[in-house]
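Take a look at the structure set out below.
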Amino acid sequence: MADQPTLNTGSHDLPVTPALEAFMAGQWAATPLPADERVPGYAFFPARRARLAAAFPGERLLVPAGQLKIRSNDCDYRFRPYSGYAHLTGLTGEEQVGHVLVVEPDGEPVLYLRPRSDRSGGSGGSGGSGGSGEFYRDRRYGEFWVGRRADLAEAAQLTGLRTAHLDDLPKLFTGSVPTRIAAGIDPVLDELAGRPSAASAVLDGQFAAALSELRLVKDAWEIEQLQLSVDHTARGFEDVVRALPAALRHHRGERWLEGAFNARARAEGNGTGYETIVASGAHACVLHWIRNDGPLDPNKLLLLDAGVETDTLYTADITRTLPLSGTFTSAQRDVYDLVLAAQSAGIATLRPGASFREFHRAGMRVIAEGLAEWGLLPVSAEEALRDDSGLYRRYTLCGSGHMLGLDVHDCAKARAETYLDGVLEEGMVLTVEPGLYLQPDDLTLPAELRGIGVRIEDDLVITADGARLMSGALPRDPAAIESWMAALLP
Ligand code: GLY
Ligand code: MN
Ligand code: MN
């Protein structure tokens, strides 16, 4: 094929003249980080890294923060580091793009990072500390474009880690040291690991499982962060109730409410821990309704499932189902009461040593018995609950809880024997969230029940002898919900 002509597609930015380059290279004051600045929770990270190192003695372990992802053209999605990286470093900011925590075979952790660039104004170069003029020329990494990063010494001070330049990372892929990499997080690392010279590097599931399992039991600082997240989330729910009159007038009231919650999430924390679900009426029967483009019908229910992610990246996950009129109708109340009874039965099982699946089983028993009593099941509750039947699931659809932490569905890669088929331990944090989703087109249902969706979701921490409800600031009882709404509404 003939040589393709070079396309001149232009740039927003004018070329830098030699005169400008020289002018930019000097007369900048030193702006060091305060000498006492540390990552929040500083004292808790060494123990986590030591536990990981002890699980893979003599091996090199790579935990990446991840890379930017293109949203469109030259715009990227906002960056949020991989939870496994945040959990082991305490570094949670957008400037962590491309950074990698390496645990050496002797257990020493080293942080590979792109250090703050210096203020020399030279042209060319790939960024980092060498005089590339990156600080004012680079749209993705330049300090004058996206903000300051730490230099190597500052990152060491912040984290207590030894630090190294990211440019030196590829050297780790040339020797014979057995190396494990958390796969699928950073395409640059995945590519390096795939090179023939990197025969000793593996992208393996065992390491991903270990990173997940390391987070199953939360330490005291993590539980504080989760409580903070729950508290911010409760305020966000109050904001949503206060916004109801305006939202009811708007043709896309669901979006209006999403905005109200998300404003609180962004103001108090890093944002939402997952896409906010605002589901009015029959939209509540769609488990992950995040289109949120419907109007609000004052005679229907509103299902709000939302969580504020703290700056330290811990998220709550709470659902309340509210009557938009401020008062439940009797059909709405019947469905609500059954879900609440199921949730209470589930919560009552939580204690160290209980199997993880027990709260779900207890809740589903209550639901199946209720559905049978209403005459909705073609078989008895007992039969519907049998493993080879599950007919009640036409109306419940999904599981009713999960671990919670840095990820909304935390520890998702843990081995079944430690999580789904395991037992609860003190310090685990989880949701209990049964629901009934009575589809609007379900011919097994009487007309008055069609299109009602109810989920009640709370966050709990397992204690020495039971569980503590972290989200108790938000009412669950229907009468308490009505009075809570009345107090918030004008
Ligand atoms: N908001 C997702 C969930 O409840 O699991
Ligand atoms: Mn959940
Ligand atoms: Mn949820």
* Asked: What is the antiparallel percent of DSSP beta bridges lying wholly in segment 45-201, to the nearest 5?
  -> 55 percent
* Asked: Full extension from L488 to T174: what is 0.36 nm times the residue separation minus their Cα-Cα distance, to one decimal in nm?
  -> 106.8 nm
* Structure fact -> Whole-Hz Karplus couplings 3J(HN,Hα) for segment 66-83, θ = phi - 60° and coefficients 6.51, -1.76, 1.60, Gly and Pro as x, run x, 10, 5, 10, 5, 8, 6, 6, 9, 10, 9, 5, 4, 8, 9, x, 3, 4
* Obtain the nm distance between the two label points defined at D477 and A348 by a simple spin-label model: each point lies 7 Å from its Cα along the Cα-to-C-beta direction. => 1.6 nm
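As an exercise, use a Förster radius of 22 Å and the Cβ-Cβ distance of H12 and E191 to find the FRET efficiency, rounded to the nearest 0.05.
Result of the calculation: an efficiency of 0.15.
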* Paired Rg and Dmax values of segment 144-302, which use every Cα atom, in angstrom -> 22.9, 67
* In nm, what is the difference between 0.36 nm times the number of residues separating R357 and R252 and their Cα-Cα distance? -> 34.0 nm
* Could you tell me, in Å, what Rg and Dmax come out for the Cα atoms of the chain? => 26.1, 85
* Scan around D76 for amide H atoms under 5 Å from its own, H built in the peptide plane at 1.01 Å from N, and keep only partners 5 or more places away or cross-chain. => R71
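Tell me the relative contact order for segment 426-490 as a rounded percent, counting alpha carbon contacts under 8 Å between residues six or more apart.
On the way: 80 pairs, mean separation 19.1, N = 65.
Once normalised by length, the contact order is 29 percent.
For the chain, which whole percent of the accessible surface, found with a 1.4 angstrom probe, sits on carbon and sulfur atoms? Don't skip to the end; give the middle numbers.
Details: 11870 of 22110 Å².
Carbon and sulfur together cover 54 percent of it.
Taking a probe of 1.4 Å, how large is the accessible area per residue of segment 260-388, in Å²? Spell out each step's value before the answer.
Working: 5000 Å² over 129 residues.
Value returned for segment 260-388: 39 Å² of accessible area per residue.
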* **Span-like helix ranges in the chain, DSSP H, alpha carbon extent 27 angstrom or more, Kyte mean at least -1.0** => 220-242
* Asked: Per q in 0.20 1/Å, what log10 I(q)/I(0) does a Debye calculation on the alpha-carbon atoms of segment 88-213 return?
  -> -1.20
* To do: Could you work out the Rg to Rh ratio of segment 322-406, with Rh taken as the Kirkwood radius (inverse of the mean 1/r over all Cα pairs)?
  => 1.02
* Structure fact -> Taking r as the C-beta separation of E425 and F23 and R0 as 56 Å, the FRET efficiency to the nearest 0.05 is 0.35
* Structure fact -> The simple spin-label model distance between A263 and R415, using points 7 Å out along Cα→Cβ, in nm, is 4.9 nm
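Quick one: net charge of A372's neighbours, Cβ under 15 Å, K/R +1, D/E -1? Walk me through the numbers before you get to the answer.
Values: positive: R365, R386, R393, R394; negative: D334, E369, E373, E382, E383.
Residues close to A372 contribute a combined charge of -1.
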* Asked: In Å², what does the accessible area per residue of segment 102-215 work out to with a 1.4 Å probe?
  -> 42 Å²
* Take the Cα coordinates of segment 371-421, assign each an equal point scatterer, and use the Debye formula without solvent to give log10 I(q)/I(0) at q = 0.18, 0.21, 0.29, 0.30 Å⁻¹. => -0.71, -0.78, -1.06, -1.11
* Roughly how many Å is it from the Cα centre of segment 99-113 to that of segment 404-434, as a whole number? -> 27 Å
* To do: Kindly rank 370-381, 302-313, 320-331 from highest to lowest mean number of other beta carbons found within 10 Å of each residue.
  => 302-313, 320-331, 370-381
* To do: Please give the length that would be gained between V286 and Q67 if that part of the chain were fully extended, namely 0.36 nm times their separation in residues minus their C-alpha to C-alpha distance (nm, one decimal).
  => 75.7 nm
* Enter the per residue convex hull volume of segment 1-115, computed from alpha-carbon coordinates, in Å³ rounded to the nearest integer. => 226 Å³
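Over segment 8-97, with the other protein chains present, what is the accessible area per residue in square angstrom, probe 1.4 angstrom?
Numbers: 5400 Å² over 90 residues.
That works out to 60 Å² per residue.
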* Asked: What percentage of all Cα-Cα pairs in segment 259-357 are separated by more than 20 Å?
  -> 50 percent
* So what's the convex hull volume per residue for the Cα atoms of segment 421-487, in Å³? -> 136 Å³
* Considering only DSSP beta bridges where both residues belong to the chain, give the percentage that are antiparallel (nearest 5). => 80 percent
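The values are calculated or read from the model by the stated rules, or taken from the named source; none is laboratory data. Values in this document were obtained by computation on a predicted structure and should not be read as measured data. Virtual Cβ from ideal backbone geometry, glycine too; neighbours counted across all protein chains shown. We work out accessible area using only protein heavy atoms, side chains counted, and drop any ligands, DNA or RNA first. Shrake-Rupley method; radii C 1.70, N 1.55, O 1.52, S 1.80 Å.
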